[in-house]
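These notes concern the structure reproduced below.
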Amino acid sequence: MFMSEALDQLCINAIRMLSVDAVEKAKSGHPGAPMGLAPTAYVLWTRFLKHNPRNPEWPDRDRFVLSAGHGSMLLYSMLHLTGYDLPLEEIQRFRQWESRTPGHPERGITPGVETTTGPLGQGFGNGVGMAIAEAYLAARYNRPGFEIVDHLTYGIVSDGDLMEGVAAEAASIAGHLKLGKLIYLYDNNHISLAASTDLTFTEDCAKRFDAYGWHTLTLEDGNDVAAVDGALRAARNETARPSLILVRTHIGYGSPGKQDTFEAHGSPLGAEEVKRTKQKRGWPAEPPFFVPQEALTCFRESVSKGERAEAEWKERFSAYARNFPELAKELEQAMRGELPQGWDAVIPDFPADAKGVATRIASGKILNAIPPKLPTLIGGSADLNPSTFTVLQNLGDFESPQRDFSHSQGAAGGGYSYAGRNLHFGVREHGMAASLNGMATHGGIIPFGSTFLMFSDYMRPAIRLAALMGLGVIYVFTHDSIGLGEDGPTHQPIEQLAALRAIPQLIVIRPGDANETAVAWRVAVESRHQPVALVLTRQNVPTLDRSQFAAAEGLRRGAYVLADAPGGKPDIVLIGTGSEVALVVAAWQKLAEQKIQARIVSMPSWELFDLQPRDYRESVLPPSVRPRLAVEAALPQGWHRYVGDGGDVIGIERFGASAPGNIVMEKLGFTVDHVVERAVRLLEK
Ligand SMILES: Cc1ncc(C[n+]2csc(CCOP(=O)(O)OP(=O)(O)O)c2C)c(N)n1
């Protein structure tokens, strides 16, 4: 063996043993994947990945996603060994309380972890989003001779990832978009958690990805360093298609008793087996967490290499900034996640109008007013543009310049290129949501995605991760209730609002009219560290006369008094959200005729309201006024927290029905008379 080959093996074994020892000490974790993948990760991280361990935030670094998040110790080993701020003590505290090495990689906890992974398939989708973000920013900001956005997105994906539907959606998107700077390595080890893959997963993945339009390469031996190197080179040279390198690996490689068995997947090897493994690989049995100095020195070259690469990029960026000061400023600001001054000066005001407008249509108008001031706001829908009103008119369609669109329909206008700001996700809600997360983690982008509220169910796993990561993703969910009408119960959301509200750290906003929708968009764009779901109607709702009712700015506080009883002394509080605000307004007027003093509260967002100080909350919902009636065309679950023991909720505890929206509303109790009747009954109680 040549010296350099011996050093390669030493480094590779260092990755393996560090991972094995950490899992062993934690008495929990997944040693098998890191052991099999060590050579692949070694080649990728030391020879290809453009990164600076001293600055994990460097904007033009290559992105790396470990989609098979259960193999977290592989990533932590790479981060520690190559010199990130992840000392050995943290590796020794793998999976412990408040360590920087949680069970699965979590963005924001460990320097160098780009995205939170663990739910299989999500990371695959995130990487696609990162590559979309790179392509967009490169197309918008690069100038000839100044390629200041120019990096790759790498990922390691597993059998589980490729089995998940979300990966199929994301792969299809990436292949269609010809994202040539996306390179995934597939840990083809024929073993999953509970079985060998001949029981579950027997399709020809190379053919499958070929059919998606990917460039595929098959490696027979994942321990062949030169072959992995060659494949990565070939993948890097392929710029017109994303690449999948199928690497035949062996789970638990080197463990005499557990290699190639599913027992190596998710449990510590056990003290005896660790000893035998180390012996077999010629590794000292003691001490645990041993890293030979030669190996560490080799890995740590990443630091000087990374610092040089970043310094060189900074020089190029300075030259760019001298030539294109405006663009440079814009990009820097976007990468910092800051909003340009006055970005929202252009958002329209809507005049009072009894006939009104659907909040989805108001949203479309608002959305189209913002973009010139906010060039990094990009997004689209899962094939529902004509219904969700999320097209950015004439701002281009995000597509590969290598495709022919001369016969295409459904364009937003403005040309097809990676500078297009309209993303066509196709009927792939889950892939859309996972990509949005990747765009957000990439930085420099304010991503939005849209579909019917009903189909938020198809996005839920990714929405949850956006919330967990604290990403500023915006969801535009239209057709928000039975009020959508004829499409019937399959399309009429009932429990979706409650289900979204159940996700911690997600802000859900269901604005009551066009002007609340405008404020809701402001909140959504300003929310750079929390996802926001805008929940909008298909049907018209009156635009309230704000000279008669309180200003829509009240939406910022989640709930506000829209109109009050004389002297601010209500007998009853009526609470409405979205389309039901108009209903409680009408009921309030009717109650007044019967000399019943009511207050109306518009409550578009529980989450924003919960953030308010107690005295504000009690000023809106006074504890002394026990009769409170909430009206919302959705599952009432959760409302009792706001209406209290003395209150009542008009909601829906069944599926909807197919009929015109106003009829379904009426049949299910959403009429002025019914609201009045229930209010009176509540007062009599
Ligand atoms: C969405 C989702 N479903 C189930 C799991 C539980 N789980 C973790 S790893 C795994 C499968 C492991 O197989 P593979 O992806 O081939 O990884 P390997 O065993 O090769 O490490 C499963 C089912 C998960 N993490 N995410």
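The values are calculated or read from the model by the stated rules, or taken from the named source; none is laboratory data. This structure is a prediction, so every number in the text was calculated from the model and none was measured. Glycine also receives a Cβ, built like all others from the backbone with ideal geometry; neighbour counts cover every protein chain displayed. Protein only, heavy atoms only, side chains kept; ligands, DNA and RNA dropped before computing areas. Shrake-Rupley method; radii C 1.70, N 1.55, O 1.52, S 1.80 Å.
If we scan segment 189-206, do we find a residue that is buried (at least 22 other Cβ atoms within 10 Å of the Cβ) and within 26 Å of VAL128 (Cα to Cα)?
Checked segment 189-206: at least one residue is buried (at least 22 other Cβ atoms within 10 Å of the Cβ) and within 26 Å of VAL128 (Cα to Cα).
Scanning segment 147-171 for residues that are surrounded by fewer than 19 Cβ atoms within 10 Å (Cβ to Cβ) and more than 16 Å from the ligand (Cβ to nearest atom) yields GLU147, ASP150.
Got a number for residues in segment 601-624 being open to solvent by 30 Å² or more (accessible area, probe 1.4 Å) and either assigned to a helix (DSSP H, G or I) or aliphatic (A, V, I, L, M) (or both)? The number of residues fulfilling the criteria is 9. Regarding GLY112, is this residue more than 16 Å from the ligand (Cβ to nearest atom), open to solvent by 40 Å² or more (accessible area, probe 1.4 Å) and part of a loop (DSSP other than H, G, I, E, B)? Considered against the rule, which asks whether it is more than 16 Å from the ligand (Cβ to nearest atom), open to solvent by 40 Å² or more (accessible area, probe 1.4 Å) and part of a loop (DSSP other than H, G, I, E, B), GLY112 comes out as no.
One residue stands out among those in segment 365-411 that are open to solvent by 10 Å² or more (accessible area, probe 1.4 Å), outside any loop (DSSP other than H, G, I, E, B) and not polar (S, T, N, Q): the one that is modelled with the highest pLDDT, which is LYS365.
THR117 meets each of the listed conditions (1) within 26 Å of GLY266 (Cα to Cα); (2) within 17 Å of the chain's Cα centre (by Cα); (3) assigned to a helix (DSSP H, G or I) apart from (3).
Residues that are in a loop (DSSP other than H, G, I, E, B), closer than 24 Å to ARG93 by Cβ and touching a strand residue (DSSP E or B) at 6+ places or on another chain (Cβ under 9 Å) within segment 51-66 comprise just one, HIS51.
Test ASP571 against the criterion of being free of Cβ contacts under 8 Å to residues at least 40 places away in the same chain, over 22 Å from VAL523 (Cβ atoms) and either surrounded by 19 or more Cβ atoms within 10 Å (Cβ to Cβ) or not β-branched (Val, Ile, Thr) (or both), and give yes or no. Considered against the rule, which asks whether it is free of Cβ contacts under 8 Å to residues at least 40 places away in the same chain, over 22 Å from VAL523 (Cβ atoms) and either surrounded by 19 or more Cβ atoms within 10 Å (Cβ to Cβ) or not β-branched (Val, Ile, Thr) (or both), ASP571 comes out as no.
Looking across segment 587-600, the residues that are open to solvent by 30 Å² or more (accessible area, probe 1.4 Å) and assigned to a helix (DSSP H, G or I) come down to TRP588, GLN589, LYS590, ALA592, GLU593. Within segment 435-473, the set of residues being more than 19 Å from ARG140 (Cα to Cα), surrounded by 24 or more Cβ atoms within 10 Å (Cβ to Cβ), more than 9 Å from the chain's Cα centre (by Cα) and more than 16 Å from the ligand (Cβ to nearest atom) comprises GLY449, SER450, THR451, PHE452, LEU453. Of the numbered criteria (1) open to solvent by less than 50 Å² (accessible area, probe 1.4 Å); (2) closer than 23 Å to LEU453 by Cβ, the one ASN540 fails is (1). Considered as a group, the residues in segment 257-283 that are open to solvent by 60 Å² or more (accessible area, probe 1.4 Å), assigned to a loop (DSSP other than H, G, I, E, B) and over 27 Å from GLN293 (Cβ atoms) include one that is farthest from the ligand (Cβ to nearest atom), and that residue is ASP260. Just one of the listed residues (ALA139, ALA131, ALA135, ALA167) is among the hydrophobic types (A, V, I, L, M, F, W, C) and under 17 Å from HIS70 (Cα atoms), namely ALA167. Based on this model, can you work out whether GLU169 counts as under 20 Å from the mean Cα position of the chain (by Cα), in a helix (DSSP H, G or I), among the acidic types (Asp, Glu) and under 18 Å from GLN402 (Cβ atoms)? So GLU169 does not fit the description; no. With respect to GLU307, determine if the residue is away from the ligand (no atom under 16 Å from the Cβ), at pLDDT 95 or above, of a type in the set (D, E, K, R) and surrounded by 12 or more Cβ atoms within 10 Å (Cβ to Cβ). The answer is yes for GLU307.
Scan segment 193-205 and give yes if some residue there is free of Cβ contacts under 8 Å to residues at least 40 places away in the same chain and among the aliphatic types (A, V, I, L, M), otherwise no. Yes, there is a match, as at least one residue in segment 193-205 is free of Cβ contacts under 8 Å to residues at least 40 places away in the same chain and among the aliphatic types (A, V, I, L, M).
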